[in-house]
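To keep things clear, I will list the structure first and then write my remarks on it.
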Amino acid sequence: MSKGNGKSASKQESKKSEMSKAGVDQELIRQLAALLTETDLSEIEIETDGLKLRVARQVAQAVAHVAAPAPVAHAPAAAPAAATAAEAASHPGAVSSPMVGTAYLAPEPGAAVFAQPGTQVSEGQTVLIIEAMKTMNHIPAPRSGKLTAVLVDDGQPVEFGEPLFVIE
């Protein structure tokens with residue numbers, strides 16, 4: 001083993017020792033945990049000054065039990081709807097989310113939506129709002145055209161890059 005490798009290994013051990021002496025910033029962990037809940041994310045990972053921290057939570061999924069089996073005729077109808085959403089997402093006019101947050105289709109609860117499918121929108125016109133970290137971010141139409149599909153529901157959490165709507 002060369003001297004350089006021995007020094008490097010001892011530096012790493014010394015750094016680990018310093019981290020355990022100093023401890024992990026518990027306030028940072030609490031803030032990240034609160035952010036998970038606030039933004040409805042399942043996991044956050046950060047890396048700073050050689051320290052990598054991952055905070056994750058398990059999200060319980062609701063399971064509905066049906067007393068009677070669903071009619072078979074309704075099962076195939078769901079597949080075309082899913083296919084239509086996938087096709088709209090891959091459409092060249094699809095506009096994706098610039099951030100993680102919660103999508104709102106209207107300026108406030110009970111108000112009329114910004115734009116409905118079939119309406120003409122102008123470049124820069126607000127089409128929806130994404131709330132991220134208690135900030136309401138107006139999402140403008142990147143180009144003028146006909147809004148052919150809205151791919152998210154009001155109050156739905158969205159991820160970065162997720163298709164929001166289609167403008168032709």
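Where a number appears in this text, it was derived from the coordinates with a stated rule and is not lab data. Remember, predicted model here, so these are calculated numbers, not experimental data. Backbone-built Cβ (ideal geometry, glycine too); neighbour counts: all protein chains shown.
Points to keep in mind about this one:
- Formal net charge of residues neighbouring Ser144 (Cβ-Cβ distance under 12 Å; K, R +1; D, E -1): 0
- Segment Ile29..Glu108, full-extension length gain: 25.2 nm, with 0.36 nm per residue of separation and the alpha-carbon distance subtracted.
- Per residue Cα convex hull volume in Å³ - calculated over region 88-167: 78 Å³
- For GluC sites (Glu not before Pro), the sites in region 91-167 that DSSP calls loop and that have at most 13 other Cβ atoms within 10 Å are Glu123, Glu159.
- Each Lys or Arg adds one and each Asp or Glu takes one away; over the other residues whose Cβ falls under 12 Å from the Cβ of Val95, this sums to -2.
- The slack in the chain from Thr119 to Glu168, taken as 0.36 nm per residue of separation less the alpha-carbon distance, amounts to 16.6 nm.
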